[in-house]
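Q: Take this structure, written in structure tokens, and hold onto it; I'll ask about it next.
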């Protein structure tokens with residue numbers, strides 16, 4: 001996969017060098033010679049990754065990074081800080097400023113390409129998650145998806161898979177206060193522990209005596225439960241080939257031991273933060289979708305949901321030769337309830353009505369608010385006779401016990417009419433027709449005097 | 001990136017061979033020796049890709065493929081058919097059965113790995129899009145997202161970037177009836193055309209006289225507008241290195257000319273169908289999210305949206321030293337409207353009220369239904385005095401012209417009370433406090449006799 005990369009450096013030679021290397025690999029490269037120019041380019045262009053020199057006149061790299069990460073429009077763009085080899089503090093400061101990674105000068109070509117590749121992959125996923133927001137061109141929706149309300153401030157749970165107790169002890173010391181470290185020494189047991197536990201990050205040793213660390217990584221990446229678990233590879237030696245392959249397989253970061261404690265903690269925090277961010281995005285999207293198929297007043301599914309799902313249920317019933325019944329019910333004289341008890345009273349009745357419906361049906365039945373005071377229940381594996389009985393039980397349950405209003409201060413009698421229809425499998429009946437049939441039955445129940453059930457057999 | 005691959009072949013030797021090759025590349029491999037076993041494994045395991053032999057006793061490869069694609073739980077898993085080299089018809093039949101790609105026996109290792117890699121990438125994106133559905137564990141929500149109602153049956157629009165008019169003519173002949181072919185001979189102009197047009201697929205020549213085809217591909221893949229455009233590389237010779245690199249850069253498929261017309265059309269259709277599917281997923285997710293922040297009755301934004309966005313607007317106003325005002329309005333004696341004109345009448349009034357609010361404010365203002373008969377308007381860059389004037393104009397607009405009910409058969413007088421508050425930037429006031437202030441103002445307006453504005457300056 002390719003990407004648009006912005007390279008920022010005040011040294012023309014460095015700029016040309018990085019530009020040439022990246023262009024050779026078919027990345028699209030843009031350049032900027034100082035912080036102001038970089039921020040300006042980011043305003044105008046769609047950039048996937050920023051390679052950012054630290055030492056620059058004017059706005060330095062740290063500040064550029066901070067500004068990128070503070071701006072909702074650019075905060076998702078991975079930033080790689082390029083620091084001098086001996087400036088350990090710069091790395092920590094960079095990661096604290098929100099940088100996603102760093103490279104040391106002179107830039108090692110393999111590391112450059114491996115890290116860029118891994119960040120491009122990350123960016124692609126983020127983009128996919130944010131895309132729906134892009135599509136709506138609505139910054140507020142992006143904020144909503146991004147909303148981190150749920151991200152706790154618990155210490156991170158970290159899993160170390162390493163055979164040596166000495167390594168565990170050293171990492172324990174480093175992480176004290178920043179994370180809770182769990183240790184498994186056997187690689188296979190480690191994969192299992194990762195899949196069964198709830199970890200925020202895994203540290204995988206590159207130096208098992210008798211097991212390929214890349215196999216551990218590939219297993220973690222191919223299991224559903226650990227696919228998005230951040231992995232840091234911890235290696236005793238600078239093994240470029242192994243590291244490159246590990247990054248390709250989906251490792252998120254690597255360290256060569258002995259590690260600088262501050263740098264390690266900063267790297268760990270970057271991974272944990274990123275995971276929390278992605279998890280938040282995912283669950284916010286999921287939550288939004290759930291809301292979109294839920295009736296806000298009653299908490300039942302709404303008509304949009306029913307319309308989508310009914311056809312599938314009908315198809316499935318036909319294919320498997322199973323019965324399916326559908327019930328439409330409408331509260332009798334609901335207008336009068338509203339007139340007498342106001343909008344709020346009406347809402348209370350609707351909520352209680354929904355509650356009673358839900359209580360009377362099985363988990364596999366689908367209960368929806370169809371609109372206004374009309375509700376639909378779809379009942380798979382339910383033949384005509386049984387459906388009529390259920391409808392009668394529902395009718396009785398509603399009519400028999402008055403509805404409480406205003407926290408029980410007042411009680412009103414509510415009745416409902418119900419139309420039931422059963423799918424005609426021989427005729428290959430459609431979902432639309434089934435609803436029509438039930439609707440006709442409901443009409444007859446109303447016309448027949450209300451508070452009654454009319455059932456149409458298949 | 002790695003993946004779980006299911007290899008299906010009735011020949012143990014072939015099975016072992018593919019297994020060994022893929023395992024060496026750190027894929028997790030599962031095997032099945034016949035169709036029934038394959039379908040059984042797919043039921044139980046999470047599989048990312050299926051490599052499927054065609055010729056098998058019992059259920060053959062075509063049928064296995066059809067069943068995979070017909071089952072909602074597995075339809076997103078890419079299937080690669082493995083066919084004998086000389087069985088051109090098998091390829092077309094496989095693609096028609098829904099296969100995503102095919103390989104010919106004996107399997108060329110480079111092609112195998114390149115194709116698997118490209119399909120893994122595709123699968124990752126699909127999973128990310130479907131994940132929210134997974135999270136909800138709700139098959140109906142998956143169906144809703146997948147719902148292809150909008151996928152038209154228009155002929156596909158295809159862009160060919162190739163210098164030679166002869167190639168254009170040949171492709172034109174092949175695609176007649178299946179797609180509309182557009183031709184650009186210059187590669188740079190081709191990229192521009194792709195970004196500006198609305199194409200369903202692009203065919204890129206691998207044989208420009210003076211331009212690197214990989215550059216065309218990387219440019220298309222790094223532009224926002226063409227990032228998801230399916231690309232088929234069309235090459236005059238079987239150039240393995242070029243093809244591998246192209247697949248890595250994100251080409252979706254390749255053909256070596258002269259192409260078999262049926263095979264080509266089948267491949268093209270696969271790409272177009274896949275794009276429509278992904279586009280549909282994306283827009284359905286986006287639509288769902290929009291619905292989740294919209295008030296169903298009035299079409300205004302809802303309280304969830306306001307709660308998310310107000311804090312950002314307040315923060316922004318503080319940061320930029322700009323004014324910000326907020327208005328809460330409540331329809332006077334709304335209960336009486338409901339009592340007299342019923343639930344439907346009340347709804348009509350709410351809709352008309354929302355319409356008038358929207359008409360009186362600027363595009364940058366945020367109008368929300370806050371709940372019941374209460375509405376909120378947030379007005380950036382609006383100082384206290386101006387906000388009070390706007391509120392007064394609104395009050396007048398509502399009180400001055402009666403509301404029509406029942407398609408204009410009846411008219412009723414409606415008034416509203418309004419509370420206005422302006423952000424106190426000196427005190428760094430919070431969003432919650434701003435709302436509270438406006439709420440107090442609204443309360444005073446109600447207490448003061450209704451149909452009036454009370455404004456709290458900063």
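Just so it is clear, none of the values below were taken in a lab; they were calculated from the coordinates. Bear in mind that the values here come from a model prediction, so they are computed numbers and not experimental data. Here Cβ is always computed from backbone atoms with ideal geometry, including for glycine, and neighbour counts include all displayed protein chains.
Q: Using only Cα atoms, locate the centre of segment B:52-115 and the centre of segment A:379-405, then give the distance between them in Å, rounded to an integer.
A: The two parts, judged by their Cα centres, are 50 Å apart.
Q: What angle do you read, to the nearest 10 degrees and between 0 and 90, between the alpha-carbon axis of helix B:240-249 and the longest principal axis of chain B?
A: The two axes meet at around 10 degrees.
Q: How large is Rg over Rh for the protein assembly as shown, taking Rg from the Cα atoms and Rh as the Kirkwood inverse mean of 1/r across Cα pairs?
A: In the protein assembly as shown, Rg relative to Rh is 1.00.
Q: With the crude spin-label approximation of a point 7 Å out along Cα→Cβ, what separation in nm comes out for residue A:46 versus residue A:157?
A: Calculated label separation equals 3.8 nm.
Q: Mind giving me the FRET efficiency for residue A:276 and residue A:74? R0 is 25 Å, r the Cβ-Cβ distance, nearest 0.05 is fine.
A: The calculated FRET efficiency here is 0.80.
Q: Hull surface divided by four, with the convex hull built on the Cα atoms of segment A:1-133: how many nm²?
A: If you wrap the Cα atoms of segment A:1-133 in a convex hull and average its projections, you get 7.4 nm².
Q: Within segment A:264-288, whose backbone N sits under 19 Å from a point 7 Å along Cα→Cβ of residue A:60?
A: none
Q: To continue, here is another question. Between the alpha-carbon centers of segment A:433-458 and segment A:218-266, tell me the distance in whole angstrom.
A: A separation of 64 Å, based on Cα centres.
Q: With angles folded into 0 to 90 degrees, how steeply does helix A:431-447 sit against the dominant principal axis of chain A? Use alpha carbons for both and round to 10.
A: 40 degrees
Q: Still on this model: With the crude spin-label approximation of a point 7 Å out along Cα→Cβ, what separation in nm comes out for residue B:312 versus residue A:192?
A: 4.6 nm
Q: Can I ask one more? What base-10 log of the normalised intensity I(q)/I(0) is obtained for segment A:147-285 from the Debye formula, alpha carbons as equal point scatterers, at q = 0.11, 0.17, 0.18, 0.22 Å⁻¹?
A: Scattering profile of segment A:147-285, log10 relative to I(0): -0.36, -0.89, -1.01, -1.52.
Q: Taking 41 Å as R0, compute the FRET efficiency from the Cβ-Cβ separation of residue A:297 and residue A:225 and round it to 0.05.
A: Once the sixth-power term is evaluated, E becomes 0.70.
Q: Something else about it: Write down the radius of gyration of segment A:29-87 and its Dmax, each obtained from C-alpha positions, in Å.
A: Radius of gyration, then largest Cα-Cα span, for segment A:29-87: 10.8, 35 Å.
Q: Of all DSSP beta bridges located in segment B:303-456, what percent are antiparallel, nearest 5?
A: So the antiparallel bridges amount to about 85 percent of the total.
Q: Treat the count of other C-beta atoms within 10 Å as a stand-in for reagent exposure and order A:162, A:344 from fewest to most.
A: Fewest-to-most ranking of A:162, A:344: A:344, A:162.
Q: Further question: Helix B:35-44 against the longest principal axis of chain B: what's the angle in degrees, Cα atoms only, rounded to the nearest 10?
A: Approximately 30 degrees, to the nearest ten.
Q: Using the count of nearby Cβ atoms within 10 Å as a rough guide to exposure, how do A:65, A:409 rank from fewest to most?
A: Arranged by neighbour count, lowest to highest, A:65, A:409 become A:409, A:65.
Q: What does the C-alpha gyration tensor say about the overall shape of chain B? Classify as rounded when a/c is under 1.5, otherwise prolate if a/b is larger than b/c, or oblate.
A: Prolate shape, in that a/c is at least 1.5 and a/b is the bigger ratio.
Q: Direction-averaged shadow area of the convex hull around the Cα atoms of segment A:345-392, nm²?
A: Directional mean of the projected Cα hull area for segment A:345-392 stands at 3.5 nm².
Q: Can you pull the Rg over Rh of segment B:308-412, Cα-only, Kirkwood?
A: Result: Rg/Rh = 1.04.
Q: Here's something else I'd like to know. Nearest 500 deg cm²/dmol is fine: what mean residue ellipticity at 222 nm does chain A get from its DSSP H runs of n ≥ 4 alone, each adding -39,500 (n - 2.57), divided by its residue count?
A: So the calculated ellipticity at 222 nm is -16500 deg cm²/dmol.
Q: What is the calculated FRET efficiency for residue B:333 to residue A:397, with r their C-beta to C-beta distance and R₀ = 45 Å, to the nearest 0.05?
A: 0.80
Q: I would also like to ask the following. Stretched out fully, how many nm does the piece from residue A:210 to residue A:427 gain, at 0.36 nm a residue minus the Cα gap?
A: Result: 71.7 nm gained on full extension.
Q: Something else now. Rounded, prolate or oblate: pick one for segment A:183-256, where a ≥ b ≥ c are the square roots of the eigenvalues of its C-alpha gyration tensor, a/c under 1.5 means rounded, and failing that, prolate if a/b is larger than b/c, else oblate.
A: Prolate is the answer for segment A:183-256, as a/c is 1.5 or above and a/b outweighs b/c.
Q: Take B:234, A:283, B:209, A:325 and order them by how many other Cβ atoms sit within 10 Å, fewest up front.
A: B:209, A:283, B:234, A:325
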